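Written below as structure tokens is the structure these notes are about.
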Amino acid sequence: MDITNNLRKLTASLGDVKYRRRSGCFKAEGTKCVLDTIKHFELEYLFATPEWLEVHSGLSVNEKAVAVTKADLIKMSSLSTAPGVIAVYRMPVYGLEPESLRGSLTVALDGVQDPGNLGTVIRTADWFGVRNILCSRDTVDVYSPKVIQATMGAISRVRVHYCDLSETLIKLKGMPVYGTFLDGGNIYDEPLSDTGIIVMGNEGKGISGSVARIITDRLYIPPYPADAETSESLNVGVATAITLAEFRRRCI
């Protein structure tokens with residue numbers, strides 16, 4: 001198959017959420033990102049240099065592979081440095097039945113805006129065995145190229161669901177819903193369950209009022225030492241990692 005101008009434009013446009021939603025596709029860029037995801041999503045096209053295709057000739061993508069030049073990849077890439085390969089995938093459609101979350105630990109994101117933060121949270125969730133993440137509808141799009149890159153392949157194993165977060169949490173009545181707040185109880189002293197929902201808030205505003213009202217357990221990650229002058233808050237990706245590590249530590 002040969003590259004066409006329409007395919008170049010389509011692939012380049014997938015850096016924009018509007019065009020991702022319109023086409024139902026997203027892209028993964030770079031060798032590691034592509035090799036980590038190619039078996040997990042429906043492949044539409046694989047654009048790569050002839051050299052890359054030769055090195056990775058074992059991939060069963062012959063009918064989907066399109067040999068392109070470095071100049072083509074530069075035009076199609078959303079990265080500052082064009083990779084040797086770009087994969088275009090169909091967006092998966094995941095059904096979400098809130099009741100299926102009972103009996104597991106789930107992360108919920110309320111208005112997280114930075115693609116790097118979302119990618120880091122997905123990667124952290126993968127590390128700690130969290131298989132589902134709930135996102136409020138105003139959370140950054142998971143299929144942004146920057147998010148996909150930041151997950152380091154974890155997007156293949158963690159399902160991200162966009163929903164009315166307050167409504168979904170209400171449906172899970174009876175499950176503990178944890179949230180991090182500056183006035184919460186010390187996470188290292190509070191009782192924690194091995195199942196439930198952990199809500200992490202927006203980078204600047206924290207957890208929204210409508211979601212905060214549903215939180216059953218308010219937690220606080222203390223600085224060290226407790227009375228030290230320190231930063232105002234933790235990055236949401238770092239806070240998620242600390243929180244999940246403490247929950248999982250209790251399970252060992």
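The values are calculated or read from the model by the stated rules, or taken from the named source; none is laboratory data. Note that the structure is a prediction, hence the values are computed from the model and not measured. Using ideal geometry, Cβ is built from the backbone for each residue, glycine included, and neighbour counts are taken over all protein chains shown. Side chains are part of the model used for accessible areas, which takes the heavy atoms of the whole protein and leaves out ligands, DNA and RNA. Shrake-Rupley method; radii C 1.70, N 1.55, O 1.52, S 1.80 Å.
Return the carbon/sulfur percentage of the accessible area of the chain, one whole number, probe 1.4 Å, all protein chains in place.
That share works out to 50 percent.
Which translational diffusion coefficient, to the nearest whole µm²/s, is obtained for the stretch 86-188 from the Stokes-Einstein equation, given a Kirkwood hydrodynamic radius over C-alpha pairs, 10 °C and 1.306 mPa s?
109
Counting only helical runs of four or more DSSP H residues, what would the 222 nm mean residue ellipticity of the chain come to if each run contributes -39,500 (n - 2.57) and the total is spread over all its residues?
After summing the helix terms and dividing by the residues of the chain, the value is -9000 deg cm²/dmol.
When DSSP assigns beta bridges and you keep just the ones with both residues in the chain, what percent turn out antiparallel, to the nearest 5? Show your work: numbers first, answer last.
Values: 11 of 36 bridges.
Percentage antiparallel, nearest 5: 30.
To the nearest 20 Debye, how big is the dipole of the stretch 1-95 about its Cα centre, given +1 on the beta carbon of each Lys and Arg and -1 on that of each Asp and Glu? All intermediate terms of the calculation are to be shown ahead of the outcome.
Numbers: 13 positive and 10 negative charges, 98 e Å.
Here the stretch 1-95 has a charge dipole of around 460 debye.
Rounded if a/c is under 1.5, else prolate if a/b is larger than b/c, else oblate: which is the stretch 131-183, with a ≥ b ≥ c the root eigenvalues of its Cα gyration tensor?
Numbers: a/c = 2.00, a/b = 1.84, b/c = 1.09.
Note, shape of the stretch 131-183 comes out prolate.
Looking at the stretch 23-168 only, what percent of DSSP beta bridges run antiparallel? Nearest 5 please.
50
In whole Hz, with x marking every Gly and Pro, tabulate ³J(HN,Hα) for the stretch 202-210 from phi via Karplus 6.51 cos²θ - 1.76 cosθ + 1.60, θ = phi - 60°.
Couplings: 4, 4, x, 9, x, 7, 5, x, 5 Hz.
Could you compute the FRET efficiency for Y188 and R137, with r as their C-beta to C-beta distance and R0 at 25 Å, rounded to 0.05? If you can, show how the numbers build up before the last one.
Values: r = 33 Å, r/R0 = 1.33.
Once rounded, the FRET efficiency stands at 0.15.
What whole number of Å gives the distance from the Cα centroid of the stretch 208-233 to the Cα centroid of the stretch 172-197?
11
If I ignore ligands, DNA and RNA and count only protein heavy atoms, how much of S23 is accessible to a 1.4 Å probe, in Å² to the nearest 10?
Counting only protein heavy atoms, S23 exposes about 30 Å² to solvent.
May I ask you to rank M152, M200 by accessible area, largest first, using a 1.4 Å probe over the protein chains only?
Sorted descending by solvent-accessible area, the residues read M152, M200.
Give me the dipole magnitude in Debye, nearest 20, for the stretch 76-173 about the Cα centre, with unit charges on the beta carbon: positive for Lys and Arg, negative for Asp and Glu.
280
Give me the base-10 log of I(q)/I(0) for the stretch 103-252 at each q in 0.09, 0.19 Å⁻¹, Debye formula, one uniform scatterer per Cα, rounded to two decimals.
Calculated log10 I(q)/I(0) at the listed q: -0.25, -1.18.
Considering amide H positions built from the backbone, and no H for Pro or chain starts, which residues 5 or more places from N202, or on another chain, come under 5 Å of its amide H?
So N202 has HN proximity to D110, I207, S208.
For H40, H161, H56, what's the largest-to-smallest order of accessible area, 1.4 Å probe?
H40, H56, H161
Rounded, prolate or oblate for the stretch 165-252? Axes are the square roots of the Cα gyration tensor eigenvalues, ordered a ≥ b ≥ c, and the cut-off for rounded is a/c under 1.5.
oblate
Among I155, I214, I198, which one shows the biggest mean-square fluctuation in a GNM of the chain, springs joining Cα atoms closer than 10 Å?
Of the options given, I214 has the highest mean-square fluctuation.
Return the Cα extents of the stretch 46-127 along principal axes one, two and three, sorted largest first, each rounded to a whole Å.
48, 29, 22
Calculate, in nm to one decimal, what T69 and R218 gain on full extension: separation in residues at 0.36 nm each, minus their alpha carbon distance.
Length gained between T69 and R218: 48.3 nm.
I need the Kirkwood Rh of the stretch 147-212: take the reciprocal of the average 1/r across all distinct C-alpha pairs and report it in angstrom.
14.2
For the chain, what is the accessible area per residue in Å², given a 1.4 Å probe and the full set of protein chains?
50
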